[in-house]
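Enquirer: Have a look at this one.
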Amino acid sequence: MLHDNARPHVAKPVKKYLEGVKWEILPNPPYSPDIAPSNFHLFHSRHGNIRSLVKVLNAKSRSGIDSFIVYLSAGNARGTTLTLDTDESYKLELTSKGKILEARITGRSYFGVRHGLETLSQLIWWDEAAGKQGALRVLTRASIEDKPAFSYRGLLVDTGRQFFPVEELKRVIDGMAATKLNTLHWHLTDSQSFPFDSAQFPEMARWGAYSGDHIYTPEDVKDLVDYARIRGVRIVVEIDSPAHAGAGWQWGTEHGFGELALCVDQQPWSSYCGEPNCGQLNPINEHSYRILEGLYRELLDLTEVRDLVHLGGDEVNLECWAQYGNITLAMQAQNMTDYHALWAEFETKMLQRLIRANHDKVPKAVILWSSPLTKRPYIMMYFDPKIHVIQSWGGSNWPETPDLLEDGFRVILSHVDAWYLDCGFGKWREVGEAACGEYRTWQTVYNHRPWKDYPPQQQPLVLGGEAAIWSEQTGQSSLGPRLWPRASAFAERLWSDLSTNSYSTDENVYTRLSVHVEVLNSRGIKTESMWPQWCSQNPGKCL
């Protein structure tokens, strides 16, 4: 993912490509059927990072390169849809012939070739310490064969608690592209706000958005999806349910649909939810399911991601439902005595509705957060390992993940004690638990390799991992620095999965991340600093 090439302490990516150097990006061979013409424009969209890497120089300070030609070959790939089965591997060959530098990037998919272009862009830098005016540095010979260790490399951004403008989300995607993360898990809504301005159900945002300016239109979603796809990122949108659903669901009674959500803003909130504002969908109101089906149909059409769907499903407060007499009567009519069974019935109905919204096709992976319902004995009673994937967010020492693997379920790891990037900023309220522990340093993020302790036969069930940035205390100005470079360390872990835990003595990891911080900064992405800049310029003297 990241590369420690050629004296990185003098590397400084800068803003414009060398004037006068001929830059071409060609299929291999030109106009090859290997790359579908309808998809070839995507590569032209991508190579802007390379074009913008270095300063404009005058003729006297140019390097010995007159032409830089990149050849691309994507095998027989004709689509630009990323799936769990997509081959993201690539091979990059750099050779020089006189004053012509050639790069040949081959892959078996658009995404593999895109990753190769990303790597190439990070092998070009500006060395201001060379000569009187500095010099462009480009490797003239290299051979790289690269592929990810895991197919799911995700990052969750929460726009339900804080609103982030589309441009800010694009900067997150830019960072993901630079680190080869491939899945933006967009936690679009929560009980505090519903910022999606649905074309089918405009009442949701009207009742649930923080303001008329704090909304995402269908056009915004499509714009983000297209922006992300070109950069090798798919967007998986989550509308959490049945819990985490308050704001935006209050309009049912006024429109003759009854109560769509229960316990909305009920006090004392600590009795009915994990944090204010409370809200939980009404499990016996068919209109709640109908609206969710319509919302998912709309979002699936916008994102075009149909093999991976996230239904949420965590932190259901059974006391909320238990206080409603009509729910108790409905349970008695079905001889149902356990509220976990009611919760499971909700998930079963939602799966059926999701299939209808997905053109009557069962997604390859229906993702649910880990919860009491995904623990024994309930999980084998209510869920199907061929359909359901569990995003395990409990502590890394909990039996949750090993039990899921033993029961044959695929998992996405998001262990709270390692990969929750919003923790460590203190309490934001005085009642209840309002913090998630200490700050997760990049070393903690990087060293988390729980799969090494799983039985070999279970390791293929680990699809990958996801770092999360919940937004109770994360705003627009702090989003970037709280993500990077910790999310870069996370990305290297899931792409390369180097078998080292000795971060305190591994200089190469520090060096790679330090260089990568400069890459991100040069692309307008805000980051935290790793150490004094002197350490970047004097490798080996700070550890």
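No value in this document is a laboratory result; all are computed from the given coordinates. Being a predicted model, the structure only gives us computed values, none of them experimental.
Enquirer: Of the cross-linked pairs LYS349/LYS375; LYS170/LYS541; LYS147/LYS364; LYS180/LYS526; LYS170/LYS427; LYS180/LYS222, which ones have a Cα-Cα span greater than 27 Å in the structure shown?
Expert: Checking Cα-Cα distances, LYS170/LYS541; LYS170/LYS427 exceed 27 Å.
Enquirer: Another question, if that's okay. Compute the long axis of helix 166-179 from its Cα atoms, compare it with the longest principal axis of the Cα atoms of the chain, and write down the angle in degrees, 0 to 90, nearest 10.
Expert: Here the helix axis deviates by roughly 60 degrees.
Enquirer: Would you mind getting the Kirkwood hydrodynamic radius of segment 103-245 from its Cα pairs, rounded to one decimal in Å?
Expert: By the Kirkwood definition, the hydrodynamic radius is 17.6 Å.
Enquirer: Another question, if that's okay. Once Rh for the chain is found with the Kirkwood sum over Cα pairs, what is the Stokes-Einstein diffusion coefficient at 25 °C and 0.890 mPa s, in µm²/s?
Expert: Estimated diffusion coefficient is 99 µm²/s.
Enquirer: Defining a contact as two alpha carbons under 8 Å apart and six or more residues distant in sequence, what relative contact order in percent does segment 67-146 show?
Expert: Here the relative contact order equals 34 percent.
Enquirer: Moving on to the next point. As I understand it, the value is the acute angle between the Cα axis of helix 486-495 and the longest principal axis of the Cα atoms of the chain; what does it come to in degrees, rounded to 10?
Expert: Its long axis makes an angle of about 80 degrees.
Enquirer: When the helix-only estimate is applied to the chain (DSSP H runs of n ≥ 4, each -39,500 (n - 2.57), divided by the residue count), what is the mean residue ellipticity at 222 nm, nearest 500 deg cm²/dmol?
Expert: Using -39500 (n - 2.57) per qualifying helix, the result is -9000 deg cm²/dmol.
Enquirer: Report relative contact order for the chain in percent, whole number only (criteria: Cα-Cα under 8 Å, sequence separation at least 6).
Expert: 14
Enquirer: Expressed in nm², what is the orientationally averaged projection area of the convex hull enclosing the Cα positions of segment 272-341?
Expert: 6.1
Enquirer: Going by alpha carbons, how many degrees (0 to 90, nearest 10) lie between the helix axis of 286-303 and the longest principal axis of the chain?
Expert: 10
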